[in-house]
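Right, one structure below, let's go through it.
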6 protein chains.
Amino acid sequence: MIYVTKKMEFSASHRVYNPNLSDEMNAQIFKKCANKNGHGHNFTLEVTVVGDVNPSTGYVIDLKELKNIIQKEVIDILDHANLNFDVEGLKNIIPTSENLAIFIWDILKNKIPNASLYKIKISESKTSSIEYFG
Amino acid sequence: MIYVTKKMEFSASHRVYNPNLSDEMNAQIFKKCANKNGHGHNFTLEVTVVGDVNPSTGYVIDLKELKNIIQKEVIDILDHANLNFDVEGLKNIIPTSENLAIFIWDILKNKIPNASLYKIKISESKTSSIEYFG
Amino acid sequence: MIYVTKKMEFSASHRVYNPNLSDEMNAQIFKKCANKNGHGHNFTLEVTVVGDVNPSTGYVIDLKELKNIIQKEVIDILDHANLNFDVEGLKNIIPTSENLAIFIWDILKNKIPNASLYKIKISESKTSSIEYFG
Amino acid sequence: MIYVTKKMEFSASHRVYNPNLSDEMNAQIFKKCANKNGHGHNFTLEVTVVGDVNPSTGYVIDLKELKNIIQKEVIDILDHANLNFDVEGLKNIIPTSENLAIFIWDILKNKIPNASLYKIKISESKTSSIEYFG
Amino acid sequence: MIYVTKKMEFSASHRVYNPNLSDEMNAQIFKKCANKNGHGHNFTLEVTVVGDVNPSTGYVIDLKELKNIIQKEVIDILDHANLNFDVEGLKNIIPTSENLAIFIWDILKNKIPNASLYKIKISESKTSSIEYFG
Amino acid sequence: MIYVTKKMEFSASHRVYNPNLSDEMNAQIFKKCANKNGHGHNFTLEVTVVGDVNPSTGYVIDLKELKNIIQKEVIDILDHANLNFDVEGLKNIIPTSENLAIFIWDILKNKIPNASLYKIKISESKTSSIEYFG
């Protein structure tokens with residue numbers, strides 16, 4: 001079994017707050033991440049899949065094909081979007097990286113031909129990351 | 001003369017559009033950067049100053065002092081902000097990295113003790129950057 | 001379960017040698033790492049914790065809180081220190097990255113609220129790293 | 001148990017194609033990677049070994065020794081080589097990163113003193129990687 | 001005046017040798033870079049242009065447009081190519097990074113609308129680079 | 001004219017203080033950088049030289065030759081050293097990066113065959129750098 005990882009990026013904005021809580025509670029919990037007009041990041045997304053090497057190609061999956069799947073299913077939806085307003089499946093979810101990882105896992109889990117989705121990793125900055133294994 | 005550079009980051013959102021143009025013109029010129037609800041980046045800011053080495057310290061300027069000046073004068077204003085709505089001096093300016101560089105130059109140009117501001121460099125992503133020398 | 005990682009840095013000096021061995025043996029085993037006056041590194045520390053997402057925040061742990069814990073418990077003790085002389089808990093230990101990882105694990109293992117410590121990773125350079133899972 | 005990783009690089013060229021297939025099939029499967037005269041990469045190789053800390057050195061394995069083993073057994077063979085023609089053990093293998101990882105595993109698996117080989121990771125670019133655990 | 005830089009990559013192979021010299025002389029001058037079957041790199045290309053900010057867009061040049069020009073004029077020609085055999089304009093030139101920089105300058109110097117080409121920077125590895133200002 | 005840059009690293013320790021000042025003054029000016037037992041960094045050194053391309057090699061200078069010169073003249077002296085005690089030419093100098101850059105310039109300025117030394121750049125961390133042009 002070989003693990004294959006593709007790294008891509010998307011630029012998005014979000015406001016991290018819980019609409020069921022008061023503004024004061026949101027400010028206390030989320031601090032400047034709850035600023036009313038939102039802020040943004042270059043999010044780094046790493047998708048890892050696992051499978052056997054196909055002896056006629058030497059690939060588990062062609063990385064160009066994996067890139068195309070992630071581009072179409074995930075990046076086209078999230079890039080240059082406001083994660084609070086613009087993404088159908090995120091509308092009732094606090095758009096933290098944790099919840100984004102679960103959201104992306106659910107999109108991709110049945111979309112990888114001849115291999116299994118193994119891990120979703122999201123970084124909001126050079127010094128932090130979130131990993132989800134389903 | 002020695003050139004001293006400090007690199008810092010801020011996370012902000014922006015919508016790149018010209019309010020004097022129609023929505024159609026904005027979409028044609030700025031494409032997805034003009035999306036209505038904005039998007040965001042981790043902006044990297046590099047500030048370069050130039051001066052002589054002080055023989056009693058071996059420094060042009062203490063990098064901790066330079067960091068504190070940039071933090072107070074620039075990062076505290078731009079970090080976790082929406083550049084279209086939240087920053088007083090940017091309100092009538094299209095918030096591109098080019099205009100941000102000029103804005104930051106004007107803030108810092110007289111704030112560096114014992115050295116001269118030399119360059120402002122801003123990167124919106126790992127593959128692009130803007131440099132301004134005043 | 002979601003894995004959350006925070007990366008931080010500290011700058012320290014150390015001399016890698018075993019005081020129970022002769023100078024000749026130390027030079028033979030540790031080579032220039034045993035140089036008498038020490039040398040130094042920017043150490044990169046990555047702390048990974050694991051837990052469930054809190055539905056009211058969307059976080060396993062607020063990364064700012066995790067950063068504050070690591071800063072107070074680890075970075076404030078190790079940064080700008082000489083690892084042979086300045087750190088109480090390291091005084092009888094050869095200050096290799098391996099032993100540093102175990103030392104930091106023991107400090108943090110009971111300090112993470114609502115999540116479990118999963119991994120300590122230390123890099124002395126861009127081309128090497130040590131990982132410890134407790 | 002501590003995991004120790006050394007990262008090294010080699011520059012090589014390859015043509016990704018299956019000699020048992022027609023030129024048309026190769027072009028369809030491998031696209032520009034099958035270009036007749038080959039192309040190249042700076043390959044990044046990360047070797048992870050696992051073992052116990054030796055109390056008299058504080059090391060699992062001296063990283064300089066691990067580097068020397070990888071240099072002699074792998075880098076000297078692959079660096080500045082054409083992977084289709086110049087490497088004895090790769091001659092009947094499609095030189096993808098997947099197959100390279102298996103090839104390097106087999107070289108190193110019995111060559112690490114006092115520790116076990118745990119993982120081979122190869123990156124052809126900043127945005128892709130292959131991992132193999134034997 | 002604002003300087004705008006776009007960074008892109010291409011993967012290519014080359015053999016660095018002078019066909020007017022003997023094999024022995026080539027081996028002595030270029031060492032393993034002259035290996036008969038060639039080797040390869042991920043080349044990093046940074047193109048810097050300089051111009052005034054257009055007040056109606058806030059841009060010197062739209063970075064997406066700059067990217068498209070570099071892609072069409074340079075990357076499509078050099079990516080996944082063998083620089084000794086596959087590129088028309090390089091056929092009588094030793095394909096060092098120095099000569100590549102001059103080659104790319106000549107391609108792009110009159111292709112940048114509303115701005116001037118300022119610098120071509122090429123890196124064959126993380127530790128080396130070539131810069132050419134025309 | 002082409003500019004050629006080689007990046008190398010060295011690991012060293014230093015204590016930043018002025019022996020002509022009191023301990024209190026040193027603590028006030030240099031803060032934790034003046035800690036008695038010193039601290040350390042992985043210093044990144046970038047050496048840029050400038051010259052014409054030699055038509056028979058396609059090089060300004062062979063990067064392997066430039067690397068060997070820097071290794072012998074600079075890295076062998078500074079790597080794994082304590083900059084306050086172990087380096088002959090630094091003994092009466094506060095070992096800041098500014099003074100290191102001047103020290104390295106003076107070593108290398110007449111040592112580059114067929115090219116001129118153009119710049120010395122030193123980084124103590126990922127977020128700061130010093131540049132000196134002689």
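Read-outs: derived from the displayed coordinates by stated rules, not from any lab. Quick caveat: nothing in here was measured; it's all calculated off a predicted structure. A quick note on method: Cβ atoms are made from the backbone with ideal geometry, for glycine too, and the neighbour counts reach across all protein chains shown.
Of the cross-linked pairs D:K6/F:K67; B:K32/D:K6; D:K126/E:K31; C:K119/E:K121; B:K64/C:K121; B:K36/D:K32, those separated by over 31 Å at the C-alpha level are B:K32/D:K6; C:K119/E:K121; B:K36/D:K32. Summing Cβ point charges (Lys, Arg +1; Asp, Glu -1) relative to the Cα centre of the protein assembly as shown gives a dipole of roughly 0 debye. Here the sum of -39500 (n - 2.57) over DSSP H runs of 4 or more residues, divided by the residues of the protein assembly as shown, equals -6000 deg cm²/dmol at 222 nm, to the nearest 500. Distances from C:N20 to itself in the other copies, using label points 7 Å out along the Cα-Cβ axis, amount to 4.9, 5.8, 5.8, 6.8, 7.9 nm in increasing order. Between copies, E:N37 shows label-point distances of 1.8, 5.0, 5.4, 5.4, 6.0 nm, shortest first, with the point placed 7 angstrom from Cα along Cα to C-beta. Over chain A, what is the relative contact order in whole percent, taking alpha-carbon pairs under 8 Å and six or more residues apart? Reported as a whole number, the value is 31 percent.
Peptide C:89-97 is shielded by partner chain Cβ atoms: per residue, an average of 3 of them sit within 10 Å of its Cβ. With the label put 7 angstrom out from Cα along the Cα-to-Cβ vector, D:P55 ends up 5.0, 5.0, 5.5, 7.1, 7.7 nm from the copy partners, going from closest to farthest. Taking the centroid of alpha carbons for each part, region F:107-129 and region B:24-99 are 29 Å apart. Cα axis of helix E:97-108 to longest principal axis of chain E: angle in degrees, 0 to 90, nearest 10? The answer is roughly 40 degrees.
Where the eigenvalues come from the Cα gyration tensor of region C:84-134, what are the semi-axes √(5λ) of the equivalent ellipsoid, largest first, in whole Å?
Gyration-tensor ellipsoid for region C:84-134: 20, 16, 8 Å.
Overall, region D:70-121 carries a charge dipole of about 240 debye about its Cα centre when +1 sits on the Cβ of Lys and Arg and -1 on the Cβ of Asp and Glu, all other atoms neutral.
Summing Cβ point charges (Lys, Arg +1; Asp, Glu -1) relative to the Cα centre of region A:1-46 gives a dipole of roughly 100 debye.
Where in chain D is the longest stretch that carries no trypsin sites (Lys or Arg not before Pro) classed as loop by DSSP and with at most 15 other Cβ atoms within 10 Å?
D:37-90
Computed from the C-alpha gyration tensor, the three semi-axes of the ellipsoid equivalent to chain E are 32, 13, 12 Å, from longest to shortest. Assuming 1.002 mPa s and 20 °C, estimate D for region D:19-82 with Stokes-Einstein, Rh taken as the Kirkwood radius over Cα pairs, in µm²/s. Here the translational diffusion coefficient equals 138 µm²/s.
Closest approach of a chain D Cβ to the axis relating D and B (residue, whole Å): D:K126, 4.
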